[in-house]
Amino acid sequence: MIQVERLEYSYPGAAEKTLKGLNFAIGRGEIFGFLGPSGAGKSTMLKILIGVLKGYAGSVRVLGQELRFTGPDLYERIGVGFEFPNFYTKFTVLENLNLFRSLYSVPTEEPMRVLDRVGLKDAARLKVSQLSKGMKMRLNFCRAILHRPDVLFLDEPTSGLDPVNAKILKDLIKAMKAEGKTMLLTTHHMQAAEELCDRVAFIVDGQIKLIDSPRELKLRQGRKTVRVEYRKEGEPVVEEFPLEGIGNNESFLQVIDRYPLETMHSQEATLEQIFLETTGRSLS
Ligand code: ADP
Ligand code: MG
């Protein structure tokens with residue numbers, strides 16, 4: 001659905017390249033996440049993939065077409081959720097959706113149905129200026145899916161949201177996947193990436209450091225341990241043992257035999273730790 005080869009980009013007048021040779025491909029039905037700290041180039045890359053920034057070097061194909069040579073009909077087939085959504089704030093939620101809907105020549109969703117889906121049916125007649133940030137991000141999602149696109153681009157879909165709204169957005173993204181949509185999202189939230197993405201690309205300073213599935217990364221790079229909390233002569237003790245060979249680990253066996261246990265958990269490295277180890281950078 002998306003193929004990017006040797007993508008480079010510099011903002012006009014900038015001394016340094018913002019994107020320094022990106023290569024990746026995204027298959028049908030996949031959720032692909034760009035994970036990286038602020039300033040890494042995620043939004044820039046996304047703006048190129050949706051045709052907003054032009055003048056890139058390399059090859060960028062979306063739905064089989066080289067972006068350089070595509071016209072506005074691309075927008076009938078892709079959906080975009082911008083990081084900072086733009087709406088006509090003095091108009092109602094419904095008026096906004098009806099306006100955006102009128103721009104498409106392909107069949108579109110009934111706005112009230114989409115609003116119902118994101119829990120905004122009761123807000124249909126509110127002015128956009130009256131919406132909370134979470135409601136606006138949900139409306140942003142409605143706008144992105146209004147024309148039933150096959151591919152969705154979502155820039156920071158959960159950032160700045162409270163846990164309830166973040167969960168609503170994540171559930172919507174999962175529902176889109178179940179419908180077979182292909183999605184590219186950017187995030188600096190390890191949790192969202194881990195929960196949603198089939199594969200993630202770690203991006204730092206305009207370069208991809210690694211592409212893999214969160215699960216594989218954790219299996220391969222994760223240090224698996226068993227963490228035990230117990231009481232020794234009344235005092236709390238915390239100890240970690242390697243998960244491998246735990247059944248023959250004498251000191252572990254002594255601990256669980258001799259002392260009253262308080263908790264015992266196996267644990268993997270988090271995606272955030274793996275990001276730090278791979279890139280030498282933290283996500284914040
Ligand atoms: P991210 O989305 O990963 O936080 P961005 O793509 O927004 O990163 O930014 C990447 C780099 O490009 C940053 O150094 C940023 O300052 C620079 N940049 C972003 N937008 C512009 C612009 N319009 N003009 C010049 N430089 C920009
Ligand atoms: Mg960004």
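The values are calculated or read from the model by the stated rules, or taken from the named source; none is laboratory data. Owing to the predicted nature of the structure, the values given are computational and were not obtained by experimental measurement. Reconstructed Cβ throughout: ideal geometry from the backbone, glycine too, with neighbour counts over all protein chains shown. Calculation scope for accessible area: heavy atoms of the full protein, side chains included, ligands and nucleic acids excluded. Shrake-Rupley method; radii C 1.70, N 1.55, O 1.52, S 1.80 Å.
What the table below lists for this structure:
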{"read-out": "Within the chain, helix-based [θ] at 222 nm, where runs of 4 or more DSSP H residues each add -39,500 (n - 2.57), nearest 500", "value": "-9000 deg cm²/dmol"}
{"read-out": "Cβ-placed point charges (K, R +1; D, E -1), dipole of the stretch 193-242 about Cα centre in debye, nearest 20", "value": "200"}
{"read-out": "Assigned charges on the beta-carbon of Lys, Arg, Asp, Glu; the stretch 169-220 dipole about Cα centre (debye)", "value": "100"}
{"read-out": "Residues of the chain: accessible area per residue with a 1.4 Å probe, Å²", "value": "51"}
{"read-out": "Accessible surface of the chain [probe 1.4 Å, protein heavy atoms]: carbon and sulfur percent", "value": "49"}
{"read-out": "Where only C-alpha atoms are counted, convex hull volume of the stretch 2-218 per residue in Å³", "value": "122"}
{"read-out": "Selected from TYR56, TYR259, TYR75 as most flexible by GNM, with the chain as the system and alpha-carbon contacts under 10 Å", "value": "TYR259"}
{"read-out": "For the chain, built as a Gaussian network whose Cα springs stay under 10 Å, the top-fluctuating residue of LEU152, LEU243, LEU169", "value": "LEU243"}
{"read-out": "Shape call, the stretch 172-230: gyration tensor on alpha carbons, a/c limit 1.5", "value": "oblate"}
{"read-out": "Rg over Rh, two decimals, the stretch 223-267 (C-alpha only, Kirkwood Rh)", "value": "0.95"}
{"read-out": "Whole-Å distance, taken between Cα centres, linking the stretch 43-114 and the stretch 1-26", "value": "20"}
{"read-out": "Between the stretch 246-263 and the stretch 147-189, the alpha-carbon center distance in angstrom", "value": "43"}
{"read-out": "With all protein chains modelled, accessible area of SER213 [1.4 Å, Å²]", "value": "20"}
